[in-house]
Amino acid sequence: APVNPPLPCSPDPSPEPGRRIPTLSPGASSFPHHRATLRLSEKFILLLILSAFITLCFGAFFFLPDNSKHKRFDLGLEDVLIPHIDSPKEGKHASGQVVIHGQGGHDEHRHREEEESLRDKIRADHERALQEAKEKLRKSRDELRAEIQTEKNKVVEDLKKKDPGPKPLPPVPMPKVVGVSDGEPPEPDAKEKRDKIREMMKHAWDSYRQYGWGHNELKPLAKKGHSTNIFGNSQLGATIVDALDTLYIMGLHDEFKDGQEWIEQNLDFGVNAEVSVFEVNIRFIGGLLAAYYLSGQEVFKLKAVQLAEKLLPAFNTPTGIPWAMVNLKSGVGRNWGWASAGSSILAEFGTLHMEFVHLTYLTGNPAYYQKVMHIRKLLAKMDRPNGLYPNYLNPRTGRWGQHHTSVGGLGDSFYEYLLKAWLMSDKTDTEARKTYDDAIEAIERHLIRKSNGGLTFIGEWKNGHLERKMGHLACFAGGMFALGADGSPDDKAGHYLQLGAEIAHTCHESYDRTVLKLGPEAFKFDSGLEAVAVRQNEKYYILRPEVIETYWYMWRFTHDPKYRQWGWEAAQAIDKYCRVSGGFSGVKDVYSSNPTYDDVQQSFFLAETLKYLYLLFSSDDLMPLENWVFNTEAHPLPVLHLGNITLPGSEPAQR
Ligand code: DMJ
């Protein structure tokens, strides 16, 4: 291509017909042609400069500030800041009045008067400010601090008056709260044991109060706060929220008040923390709702709703199956890196129903109810290998991940919430009951076996193969089977109560076959082994509640004294091996007579383990199961008589 192609208006640049324009090497030029080009470029540049100048002038005309509007203010300021120099047109009377000389009529005179009074006012303000500053400098530091504090308080008060805070929630009838009695057992022996459990709760709480207050959990040996990734990088006081209802049930009202005060003043969910949707739901929303229903204190309801709103963005996935984690500030969600093929976890997205139904009930906002019902519908449409629910489901594709089914970790509370959805609806949510019954039938067929030694256990299904291993977490199922016995199909109530008793027995064996009389994290029924842990990393006990939870349900349904007996064995072992001066700690090896501590006082120890123990030694009129349904973190929520209530967002067919 030519380096300097001729411009259309250059003098006769066109080649003669048949003649080619010579191609110039870079830097070369043909002089006349070049001069014409330059002339044209100059003209062009001049034109450009001219048009830029005109644009600038227009801009200046339209956008420069209108001086006349500022004139009076400028005059006033100048007058204060710059020593006054009388203009030739004006002079001053002794009175300070501006006198207009020369031309100017009545208007101008008035104008000058206004300016003068403005100057006087600014002068006076200036004087006053100087005076105040001098007085302030004369005061002591403490006096100044007190004054600043008073002023701050005044500003806060004024702000409060202007902004009355979040809108009050619509009034809803408070479900009849029954059974929040003292629950003192008639048997003196049970009373003594109950007092001991209460003392253990005091020790756990007081230690946290002293060394970990406001942190999520406590390190009882290091005597400082502790947290894990489920709470993100935050200090949300998980132990306070998780422990509230236990304190209330145990009649520890001063401690409860302390916790309430902390929540009122410090619990803020607008933090940049990536939290587990499931954990925050069961511990915080569950804990706050239970505290609200027990105490009637509005603050707990408000906080529960504020938090729930922060969880909602987690549901913004292509399928509506929520992410495992959500950032409370940004609302960005994602899944655990370790979960099969980017999946969400069955026990996490399937353990929201109870709390979310209550949120819709309390707020009138249908969103919560609709989100959990959508999950239920989606699951109902999916194929299930052998009728079993795999633990992993991809929230983008809506497909199952690895075919792994368990009633322990990753699966557990999904089944629990199907049953409890039915119970919590006053047995009107029959769809939930049917889903539970079908799921349990498949579990019994494929996962539940009897060991050679006659112990009933629940194994894990992995890609078509049964692993003969049961986790401590799966021990909750004994209580679940007993709780679901009444209302089971084909009059199998007796069968399920029996199954509950067998699981309770197996789990007790897993405790009894250790040195510390505390259960390992997982135990095998294989190669001659029965209810014992094999791997070193399965020998720990982290103050978990599931076995004691099952003892309590079995006690309520059978009143067989062995359940109190087994519960007491566990309580004594915890007090002996897990208690330290700074609280309670998990232990790393239940088969060692000299165990090391993990130095964590889990929040669920106060929420669940100690609560179930306390209830085990109380009379049944404390928190009766006809009126209360315990969420998976042992937070009691009242039965909603949904037969008489229409939840916003629910369709009549679902009720
Ligand atoms: C608790 O947070 C809940 O019980 C949950 O459902 C499973 N595990 C822990 C306690 O072990």
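Every number here is computed from the coordinates shown, using simple stated rules; none is lab data. Predicted, not measured: the structure shown is a model, and the values here were computed from it. Reconstructed Cβ throughout: ideal geometry from the backbone, glycine too, with neighbour counts over all protein chains shown.
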Can you tell me which of 142-152, 277-287, 446-456 comes out highest on packing, and rank the rest after it, using the mean Cβ neighbours within 10 Å?
-> 277-287, 446-456, 142-152
Can you give the charge dipole size of the stretch 186-267 about its Cα centre, rounded to the nearest 20 debye, using +1 on the beta carbon of Lys and Arg and -1 on the beta carbon of Asp and Glu?
-> 340 debye
Extending each Cα 7 Å along its Cβ direction at M382 and Q131, get the distance between those two points in nm, one decimal.
-> 7.7 nm
Using Cα positions and a limit of under 16 Å, work out the aspartates and glutamates in reach of K154, with same-chain residues fewer than 8 apart set aside.
-> D163
Short version: ³J(HN,Hα) in whole Hz for each residue of the stretch 409-425, in order, from phi by Karplus 6.51 cos²θ - 1.76 cosθ + 1.60 (θ = phi - 60°), x for Gly and Pro, what are they?
-> x, 5, x, 2, 6, 4, 5, 4, 6, 5, 5, 6, 4, 5, 5, 5, 8
In percent, how large is the relative contact order of the stretch 409-460, given Cα pairs closer than 8 Å and 6 or more residues apart?
-> 23 percent
Ordering 609-615, 568-574 by per-residue average of other C-beta atoms within 10 angstrom, highest first, gives 609-615, 568-574
For the stretch 309-442: rounded, prolate or oblate by the Cα gyration tensor [a/c cutoff 1.5] | oblate
Cα-Cα over 18 Å: which of K196/K576; K202/K257; K469/K611; K202/K562?
-> K469/K611; K202/K562
The stretch 311-333 scanned against label point 7 Å out from N233 along Cα→C-beta; backbone N under 14 Å for 327-330
From the backbone phi of the stretch 379-392, what are the Karplus-calculated ³J(HN,Hα) couplings (6.51 cos²θ - 1.76 cosθ + 1.60, θ = phi - 60°) in whole Hz, Gly and Pro given as x?
-> 5, 5, 7, 8, 6, 10, x, 6, x, 9, 9, x, 6, 10
Mind listing the phi-derived Karplus ³J(HN,Hα) values for the stretch 235-244, rounded to whole Hz, using 6.51, -1.76 and 1.60 with θ = phi - 60°, and x for any glycine or proline?
-> 10, 9, x, 3, 5, 4, 5, 5, 8, 3
